Amino acid sequence: MTVALPPTVHLAPGVGDAPLVVVDHPAATARVHTYGAHVVAWAPAGAGDVLWLSPDAILAPGTAIRGGIPVCFPWFGPHPAGAGPAHGFARTSTWRLVGAEDLPHDERRPGGAVRLTLELTRADVAPDAAALWPHEFTARLEVEVGASLTVSLTTTNDGPDAADLTQALHTYLAVDDVRRTRVDGLAGGPYLDKVAGDAREVQDGPVLFTGPTDRVYLGTSALLTVSEAGGRTVEVAKVGSSTTVVWNPWSADAAKMRDVPDDAWTRFVCVEAANAADDAVRLPAGETHTLTTRLTLL
Ligand code: TA6
């Protein structure tokens with residue numbers, strides 16, 4: 001890895017041979033694994049961690065890290081033909097750090113920021129995994145760490161044929177108690193209810209959490225807020241995304257997950273900028289698509 005690092009960025013041991021990128025900037029701190037291009041922590045100055053990382057997260061090649069922002073690509077959920085792992089191969093591949101730079105203070109970036117760029121091509125992916133999505137591609141993940149956290153996944157189709165893909169920036173937000181948390185901005189929108197066999201429903205008011213929740217909101221680019229009574233509010237903005245996924249496994253499903261402590265399901269909610277189900281992306285040869293999510297603590 002030969003990229004020049006500004007003084008605000010250093011490398012630390014990560015997963016296997018894939019280093020962890022540590023950002024320590026006056027505007028914010030962050031940690032990003034090159035394994036999976038996985039942001040596992042972000043704290044704007046003066047605030048605690050906005051992202052939830054499981055205390056039992058498994059940091060080992062071949063396993064996706066539980067928490068932070070897993071990059072689900074080039075498929076979201078089960079493999080389209082049922083032939084591979086859930087959520088694609090990006091989160092279990094080692095990406096290359098190709099850029100790290102300090103960005104000056106401006107209107108969009110109060111206090112400045114650090115931008116990291118990571119890249120993954122078909123050649124970086126284990127052959128058995130790459131065979132599950134037979135396209136030449138370049139995926140770039142830009143992570144801008146500052147008073148806001150902006151994560152952009154840009155995919156270029158380098159092959160001769162159109163490529164179909166689904167994707168998500170599967171953001172785990174830390175909350176004190178999901179049962180006191182609400183998501184505003186989705187009212188009136190249609191969704192697939194995964195816990196009710198993909199039933200098509202329409203959102204009535206804010207999303208409240210009273211049981212296992214796994215919803216794929218379709219055709220929405222809405223700005224959201226995730227807030228807790230008496231607690232903090234996180235704004236979730238997105239671009240290039242027509243799907244928003246909202247997930248919490250609740251107690252019984254969490255108990256089956258070996259990388260989530262039994263009582264930890266109350267501590268997070270996933271609010272994901274995605275393109276999935278009806279909103280899958282068809283990328284013509286030579287074309288590029290960018291999916292962005294931007295988190296701001298209000
Ligand atoms: O985004 C929600 C979801 O697709 C759920 O169905 C749920 O199983 C979750 O992602 C976590 O998936 P994972 O493969 O990381 O255990």
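The values are calculated or read from the model by the stated rules, or taken from the named source; none is laboratory data. It should be emphasised that the depicted structure is a prediction, and the values quoted were computed from it without experimental measurement. A quick note on method: Cβ atoms are made from the backbone with ideal geometry, for glycine too, and the neighbour counts reach across all protein chains shown. For the accessible areas, the whole protein counts, side chains as well, though only heavy atoms, and no ligand, DNA or RNA atoms are used. Shrake-Rupley method; radii C 1.70, N 1.55, O 1.52, S 1.80 Å.
The residues of the stretch 65-74 that are part of a loop (DSSP other than H, G, I, E, B) and either over 16 Å from A139 (Cβ atoms) or at pLDDT below 95 (or both), listed by number, are I65, R66, G68.
Scanning the stretch 264-283 for residues that are open to solvent by 60 Å² or more (accessible area, probe 1.4 Å) and either of a type in the set (G, A, S) or at pLDDT 95 or above (or both) returns R267, R282. For the stretch 89-104, a tally of residues being part of a strand (DSSP E or B) and either among the hydrophobic types (A, V, I, L, M, F, W, C) or within 11 Å of the ligand (Cβ to nearest atom) (or both) returns 4. Checking each residue in the stretch 97-133 for being touching a helix residue (DSSP H, G or I) at 6+ places or on another chain (Cβ under 9 Å) and open to solvent by 70 Å² or more (accessible area, probe 1.4 Å) picks out only A123.
Number of residues in the stretch 214-259 that are open to solvent by 50 Å² or more (accessible area, probe 1.4 Å), touching a residue at least 60 places away in the same chain (Cβ under 8 Å) and more than 27 Å from D279 (Cβ to Cβ): the value is 2. Could you go through the stretch 153-162 and let me know if any residue there is of a type outside the set (A, V, I, L, M) and on the phi > 0 side of the Ramachandran plot. Within the stretch 153-162 (the criterion being of a type outside the set (A, V, I, L, M) and on the phi > 0 side of the Ramachandran plot), the answer is no, since none of the residues qualifies. Taken together, T34, T94 contain a single residue that is surrounded by fewer than 23 Cβ atoms within 10 Å (Cβ to Cβ), at pLDDT 95 or above and of a type in the set (V, I, T), which is T94.
Among the residues of the stretch 150-171, count how many are surrounded by fewer than 23 Cβ atoms within 10 Å (Cβ to Cβ), not in a loop (DSSP other than H, G, I, E, B) and not aliphatic (A, V, I, L, M). So the count comes out to 6. Among the strands (runs of 3 or more DSSP E) confined to the stretch 206-284, the ones with at least 1 residues that are more than 10 Å from the ligand (Cβ to nearest atom) and either over 30 Å from G159 (Cβ atoms) or polar (S, T, N, Q) (or both) are located at 213-217, 224-228, 233-239, 243-248, 268-275. Scanning the stretch 88-95 for any residue that is farther than 19 Å from R31 by Cβ and within 17 Å of the chain's Cα centre (by Cα) turns up at least one such residue. Cβ separations smaller than 7 Å between residues 6+ apart or across chains give the following pairs from the stretch 68-80 residues that are closer than 14 Å to V271 by Cβ to residues that are near the ligand (Cβ under 9 Å from one of its atoms) and open to solvent by 10 Å² or more (accessible area, probe 1.4 Å): I69/H170; P70/A64; P70/H87; P70/R91; P70/H170; C72/H87; C72/R91; C72/H170. When restricted to residues that are touching a residue at least 12 places away in the same chain (Cβ under 8 Å), assigned to a loop (DSSP other than H, G, I, E, B) and surrounded by fewer than 14 Cβ atoms within 10 Å (Cβ to Cβ), the stretch 195-205 contains 2.
Of everything in the stretch 160-184, what is of a type outside the set (A, V, I, L, M), within 23 Å of C72 (Cα to Cα) and either more than 14 Å from the ligand (Cβ to nearest atom) or more than 17 Å from the chain's Cα centre (by Cα) (or both)? Give them in sequence order.
Selection gives D161, D164.
Taken over the stretch 37-57, the criterion of being open to solvent by 30 Å² or more (accessible area, probe 1.4 Å) and part of a strand (DSSP E or B) is satisfied by L53 alone. The residue list A86, A64, A81 contains one member that is surrounded by fewer than 16 Cβ atoms within 10 Å (Cβ to Cβ) and within 12 Å of the ligand (Cβ to nearest atom), which is A86.
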